[in-house]
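> The structure's right below; bear with me while I get my questions together.
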C-alpha cells in the first residue's frame, strides 16, 4: 500500500486539475481517499480473485464506469477526462484503462461523487452513507470505514 500523501499528490491532484477547480475540495479529497482505502487499500487496481472491478476505487464496467459516462451531471467531464488521458470514451475502453491509469481512476471516482446531489459528507457516518449509496458495495464492511475516514482526514490535516 502506498501512502495517502502519495495518492493525494500523484493521483488526486492531477485528476482534479484536469476536471477543474470546482471539483477540488478538501471534503472531496477526504472522501476519495477514504473510499480508495475502503475499496482496495490502494494495493491493487484489479479486483482480487478475478472480480470485475478496476482502479483503486474498484469500478465495474457496467456499473460505475457506464454510470459516470452517461450521467447528465458527469458525462461532459468524463469525455474531457478521457480525451486528456488518451482513452476512448466507451465503458470497455475506460474500464480497461482504469486497470493501469490511476489518474483516470481518481477522476472517474470524483465524477461518480459529482453525480450525487447530496452535499459532500463531513462526518464518518455521513461518509459511510454517501459511499454506500454511490458505490453500492457487494460486500459492505461498515466496521472498516471509520478507520478509512480517520486516516484520510489525518492525511489532509482535517478534523475527524
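> What are the semi-axes of the equivalent ellipsoid of segment 1-79, taken as the square roots of 5 times the eigenvalues of the Cα gyration tensor, listed largest first and rounded to whole Å? Numbers along the way, then the final one.
Details: eigenvalues 81, 72, 17 Å².
They are 20, 19, 9 Å, listed from largest to smallest.
> For segment 67-160, take N as its residue count and report Rg(C-alpha) divided by 2.2 N^0.38 Å. Numbers along the way, then the final one.
Details: Rg = 14.7 Å, N = 94, 2.2 N^0.38 = 12.4 Å.
Compactness ratio reported: 1.19.
> Given labels modelled 7 Å from the Cα in the Cβ direction, how far is it in nm from residue 70 to residue 22?
Result: 2.4 nm between the two label points.
> Mind ordering 30-40, 14-24 by average Cβ neighbours within 10 Å, highest first?
Working: 30-40: 24.8, 14-24: 16.5.
Top to bottom by mean Cβ count within 10 Å: 30-40, 14-24.
> What's the FRET efficiency of residue 151 with residue 90 using the Cβ-Cβ distance as r and R₀ = 41 Å, to the nearest 0.05? Can you show the working numbers first?
Details: r = 34 Å, r/R0 = 0.84.
Here the calculated transfer efficiency is 0.75.
> Among 60-67, 78-85, 122-129, how do they line up from the highest to the lowest mean number of other beta-carbon atoms within 10 Å? Intermediate values should be presented prior to the final figure.
Numbers: 60-67: 19.5, 78-85: 17.9, 122-129: 16.2.
So the order, starting with the most tightly packed, is 60-67, 78-85, 122-129.
> For 141, 71, 54, what's the fewest-to-most ordering of other Cβ within 10 Å of each Cβ?
Taking fewest neighbouring Cβ atoms as first place, the list is 141, 71, 54.
> Divide by every residue of the chain the summed helix terms, -39500 (n - 2.57) for each DSSP H run of at least 4, and state the resulting mean residue ellipticity at 222 nm, rounded to the nearest 500 deg cm²/dmol. Could the numbers behind the result be given before it?
Details: 9 runs with 84 residues, N = 160.
Theoretical 222 nm ellipticity from helices: -15000 deg cm²/dmol.
> Work out, step by step, the length gained on full extension between residue 117 and residue 1: first 0.36 nm times the residue separation, then minus their alpha carbon distance; give nm to one decimal.
38.6 nm
> Starting from the Cα-Cα distance between residue 125 and residue 83, subtract it from 0.36 nm times their residue separation and give me the gain in nm to one decimal.
Details: separation 42, 0.36 × 42 = 15.12 nm, distance 3.58 nm.
Gain in length upon complete extension: 11.5 nm.
> Where is the GNM fluctuation largest for the chain (alpha-carbon springs, 10 angstrom cutoff): 130, 77, 48?
48
> Per residue Cα convex hull volume for segment 4-156, in cubic angstrom? Write down the numbers at each step before the final one.
Details: hull volume 14.8 nm³, N = 153.
So the per-residue hull volume is 96 Å³.
Just so you know, all these numbers are worked out from the coordinates, no wet-lab data involved. Treat the numbers as computed from the prediction; the structure is a model and nothing was measured. All Cβ positions, even for glycine, are placed from backbone atoms using ideal geometry, and neighbour counts span all protein chains on display.
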